[in-house]
Structure formats: structure tokens, C-alpha cells
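Okay, so here's the structure we're looking at.
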Amino acid sequence: MKDLRVVFMGTPEFAVPSLQIMVENQVSVVGVITAPDKPQGRGKKLGQSAVKEYALSADLKILQPEKLKNEDFLNELKSLQADLQVVVAFRMLPEVVWNMPPLGTFNLHASLLPQYRGAAPINWAIINGEKETGVTTFFLKHQIDTGDIIFQEKEPINYTDNVGDLYRRLMDKGAHLVLKTVKAIASDGYEERPQQASSELRPAPKIFRDTCEINWNRTGNEIYNFVRGLSPYPAAWTRLDGKVLKVYKATVEEYDHAEAGAVRSDNKTYLKFGCADGWVHLLEIQLEGKKRMNVEDFLKGYKL
């Protein structure tokens, strides 16, 4: 097995275990590319990415380019003489970057490609009520998330999973798949295969605030999946007395006739909204300007 020189590219928490598992297994990580420090919080102090924090603790070389086509950055990247580049939760790369190392650049994606190509695969898999997803490593090419597959591993989605639950499991499973992929490339022990769609493709576009508004004309089960597919972040929302109400957890009472969007409460134990086929009971919520809390605590200080 060849001792590869690897450059890692990633930014958020999701990418950290993939970098860490390589370091802990003596993969030669010769450079880490991550986002520039950004002002954070009310004090606007410069904050470091999760990947940078780990890279500093592991004494790794760090590059933080503003622009990936910058000539100085490209020259520095080339000087690292990487055999392979590994990308986990990073921005789109220009061809001049992903085509640089002789063994190519592979990406970890949190779905079973070709399904759920895009920026938010974990969210959309739950929102759409899928019972299974997984992680995929694939070589980068021109069109996003379309390159040849190296490895895939499946992960069940439980009916009670929210995004936070599934995110943590895929983060861990993805890290092990990254290490497996690096070792396979080093020993030439893999066969890449083109992505083939055997059914209708479901996309995973970026999620915006407007995406997260609850449509009470949907069925209870659709709304239940929508809520858990956005919890704990960025959170599904609706309006209550003209204010934004984020919904983190809910349950469904089906087959009891209700008007879509109607609100009922006993001002003590329950708060529910009508939907297409019954009622959705809100369990954990956050009213604009207030803390996140369960419904019983909320109703102690708020009367409808």
C-alpha cells in the first residue's frame, strides 16, 4: 500500500471526524483547506471553522483561501504535492483544483447517490419520509454530485429520527467510509462505477427560511416528517398571533376532522393545529423572542 500525501478540504463539524480518523490512522495529511475566519455572535469576533480548530490541535498545515482560483493559493496547493484530495462538506471546487492531484479528488456525500444530490441531503431524506439513506464516496467531475461512485454504505432512518439524530450517525459512518476509501485508493483496491438512476431522482436543494414554513394543507404525517426533517436546525415554523413560532417536535392525531391551520388549546396541556387529515400536536416550540420549551411550560405563561 502506497503512503499517500493527502490534502483535506472541509469546514463544518460534519467534516471533523473524517479528518480526525485519517490523522489517527497515520494517513499523511499534508494540508487542510477550510473556510476563512468569519465574524460571529454579537461581538463579531472572528470565529474559526470546526475543521480549523481540529487542524490546529493536530498541528496540521492550514490554508484558508477567499477564492479558490487565486494564483497564490493554487501555487501553494500545488507545492503540497498531494497524491489525493479528500472533500467533506466544503464549497464547490473549480476544475483546476479538483483535477490537480494525480489520483484525483473524492467527496463524501450524505446520501445514497444518485438520490439526493445537493446541499441538504439529510434534511430532504427525512422530509420525504425515506426509511433508508446512507453515505457515498465518489470522484469529483464537472457536474455537482455526479461523479463515479467508489463506495456506499446504507443507514436506516427511524420514524422518530430528526436531522440531529441522523446527522450524527452519518457523520460517524461517513468518517469510516472516508478512511476505507483512502486505503482502497492507496492499494488500488476498488472499482469505481458510474451513477445510474433506477427510479425518479429526488433532489436535495439548499434550504432557506421560506422553505421551512409549515403548510397546514398537508397531511399530518407529511407535516410530522417536515418538522423532524428540520429539527433542531433550521427548524420548521408557522405563525401564532402574528409571531413566528418554531416547531421542534410534534405528533399527529389523524382522522379527526379539522380545518387546515385552525388552532386549538386548553391553555394547559396541548396546542394543536389543523391539517389535511386531522391535527398536529406541537410538543417542543419556540415563540419569537422566547426560549425553546415544551408546550406545557409555554402555556403556563401564554394564553391563547
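The values are calculated or read from the model by the stated rules, or taken from the named source; none is laboratory data. This structure is a prediction, so every number in the text was calculated from the model and none was measured. Don't worry about glycine lacking a Cβ; one is built from the backbone with ideal geometry, like all the others, and counts go over all protein chains shown. For the accessible areas, the whole protein counts, side chains as well, though only heavy atoms, and no ligand, DNA or RNA atoms are used. Shrake-Rupley method; radii C 1.70, N 1.55, O 1.52, S 1.80 Å.
Before moving on, here are some points about what is shown:
- The calculated FRET efficiency for the pair residue 26 and residue 198, based on their C-beta separation and a Förster distance of 45 Å, comes to about 0.70.
- Springs join every pair of Cα atoms under 10 Å in this Gaussian network model of the chain, and among 107, 75, 162 the largest mean-square fluctuation is at 75.
- Computed FRET value (nearest 0.05) for residue 255 with residue 57, which takes r as the C-beta separation and R₀ as 45 Å: 0.25
- The chain - Kirkwood radius from inverse mean 1/r over Cα pairs (Å): 21.3 Å
- Cβ crowding within 10 Å averaged over residues, with 123-135, 194-206, 29-41 ranked highest first: 123-135, 29-41, 194-206
- Here the translational diffusion coefficient of region 207-279 follows from Stokes-Einstein with Rh set to the Kirkwood radius across Cα pairs; for 37 °C and 0.692 mPa s it amounts to 265 µm²/s.
- Percent breakdown of C-alpha pair distances by 5 Å bin, ordered from the shortest bin, for region 14-70: 4, 17, 27, 21, 16, 9, 4, 1
- Sorted peptide list for 220-229, 171-180, criterion being average Cβ within 10 angstrom, highest first: 220-229, 171-180
- Here's how it looks for residue 236: its modeled amide H is under 5 Å from those of 230, 247, which are all 5 or more places away or on a different chain.
- In Hz, Karplus ³J(HN,Hα) per residue of region 76-84 (6.51, -1.76, 1.60; θ = phi - 60°; x = Gly, Pro): 5, 4, 4, 5, 6, 6, 6, 7, 8
- For the chain, DSSP calls about 70 percent of its internal beta bridges antiparallel.
- Protein heavy-atom accessible surface, 1.4 Å probe, per residue over the chain: 52 Å².
- Set of lysines near residue 38 by C-alpha distance (under 22 Å), chain-local residues within fewer than 8 positions excluded: 52, 61, 67, 69, 206
- Debye log10 I(q)/I(0) at q = 0.12 Å⁻¹ for region 161-269, Cα point scatterers: -0.64
- Sparse-neighbour loop sites [GluC sites (Glu not before Pro); region 6-112; at most 12 other C-beta within 10 Å; DSSP]: 66
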